[in-house]
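Quick notes on the structure that follows.
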Amino acid sequence: MNNSNLRKRIVWFINSEIERVLMNLKTGAVNKENALGSFNTLYQIASSTRDADSMVSLCEIIEKVRDSNHRTGLFHFTEYRKESFY
């Protein structure tokens, strides 16, 4: 596999993982901290391949997630429901 083909696959992987993590964050499958950890891992992958476009977009996504008030996840919903019954 040549270098260009590998780079395209890495960029595809990063973009598909960004979409998956954002969807999981939106649906509540992961919380804010888990999503940030996933984005940081993707940033490390992008930086090891020196993919500047992915690094910039990941920095913007990380900043938006950090600034958001989204703190919910499946575990938070469960705890919140239990508290509302008491």
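Quick note: the coordinates plus some simple rules give every number you see, no bench work behind them. The model shown is predicted, which means the values in this text are computed figures rather than measured ones. Cβ placement follows ideal geometry from the backbone for every residue including glycine, while neighbour counts extend to all protein chains displayed.
Going through (1) among the aliphatic types (A, V, I, L, M); (2) surrounded by 12 or more Cβ atoms within 10 Å (Cβ to Cβ); (3) in a helix (DSSP H, G or I) one by one, A29 falls short only on (3).
Please name all residue pairs, on different chains or six or more residues apart, with Cβ atoms under 6 Å, provided the first residue is in the stretch 1-19 and is within 12 Å of Y43 (Cα to Cα) and the second residue is assigned to a helix (DSSP H, G or I). If the second residue must be assigned to a helix (DSSP H, G or I), the pairs left are I14/L42; I14/A46; I14/S54; E17/L42.
Condition first: surrounded by 15 or more Cβ atoms within 10 Å (Cβ to Cβ) and β-branched (V, I, T). Can you find one or more residues in the stretch 33-42 that meet it? No, that holds for no residue.
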